[in-house]
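Have a look at the structure below before the remarks.
Read the figures in this text as sums done on the coordinates, not as results from a lab. Just so we're clear, the structure is a prediction, and the values are computed from it rather than from any experiment. Cβ sites come from the backbone with ideal geometry, for glycine too, and all protein chains shown count toward neighbours.
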Amino acid sequence: MGYSNIGPNYWKGEEGRLALIAGEQKLTDEAWVAPYATLARWGAYLGDGYEAQTYPDSQNIFTLGRAAIYPAGSWEIAGFNAQADFEMGAFKPPVQNAGDTCYISDHTDIGIGMNAATPNPDAARTFLAWVASPDFASIFGNALPGFFPLSSAPVELSDPLAREIAGWRSECESTIRPTYQILSRGTPNLENELWGAAVAAIKGTSSPEELGARLQKGLASWYEPQQ
């Protein structure tokens, strides 16, 4: 997730994401290549043998106090609360220059709707009205800290770390992961390709420019607006 977490500050969130979908920007543009150069600098700060480190390994290293920073998403909060015996804080992906507008990956992972052909439309509407209510938003946001409700009504979160991260919505512009709408419908799958590219950037096995060119070639091979 590193690329999608820090990247919005480079491609300006929705502005860049929508331009990529429209074919007005390419993955070889500076805004899309530069995050890989930043990721390449991370490798020097990772532990010995990080190449063989699993996801649970990384979580354990952090909660045991053997790592100072864990680049992650808010979904980690509940697990870290259960495992760590120290106080944690969080910081936003750094902007390139002091005073720049900040952008956060405020991704929507869960969507619930009604099948138009359902034999129980009234029951489905009743359920959806409850899910969309402020009461549900409060229950959901506090039962699953780090999974934030999208309700327009204000929700008071009890978990301090969740409250801190959710507060970034009022400080920064929100966007979603750039590959999740439309751009991963073909082969090669752009989301899957980004995972491999981030690893290559950190390990230094490919340059940022090479990664941008490879990803652009793959996307253009099936996505007409990029041809």
Interchain or sequence-distant (5+) residues whose placed amide H lies within less than 5 Å of the amide H of GLU173 are CYS102, TYR103, ILE104
Most exposed first, judged by fewest Cβ atoms within 10 angstrom, ASP106, ASP29 run ASP29, ASP106
Percent relative contact order of the chain, based on C-alpha pairs within less than 8 angstrom and at least six residues apart? 32
For n ≥ 4 DSSP H runs only, could you compute -39500 (n - 2.57) per run for the chain, divide by its residues and tell me the 222 nm figure to the nearest 500? -13000 deg cm²/dmol
Which translational diffusion coefficient, to the nearest whole µm²/s, is obtained for segment 138-188 from the Stokes-Einstein equation, given a Kirkwood hydrodynamic radius over C-alpha pairs, 20 °C and 1.002 mPa s? 167
Within straight cross-link reach of LYS92, meaning Cα distance under 21 Å, which lysines are found once same-chain residues fewer than 8 apart are removed? LYS12
Any idea how far the Cα center of segment 170-227 sits from the one of segment 89-160, in Å? 26
Coil-residue GluC sites (Glu not before Pro) of segment 51-150, DSSP, other Cβ within 10 Å capped at 12: GLU87
Kindly provide log₁₀ I(q)/I(0) values, in the same order as q = 0.13, 0.19, 0.21 Å⁻¹, from the Debye equation applied to equal alpha-carbon scatterers of segment 78-181. -0.63, -1.10, -1.21
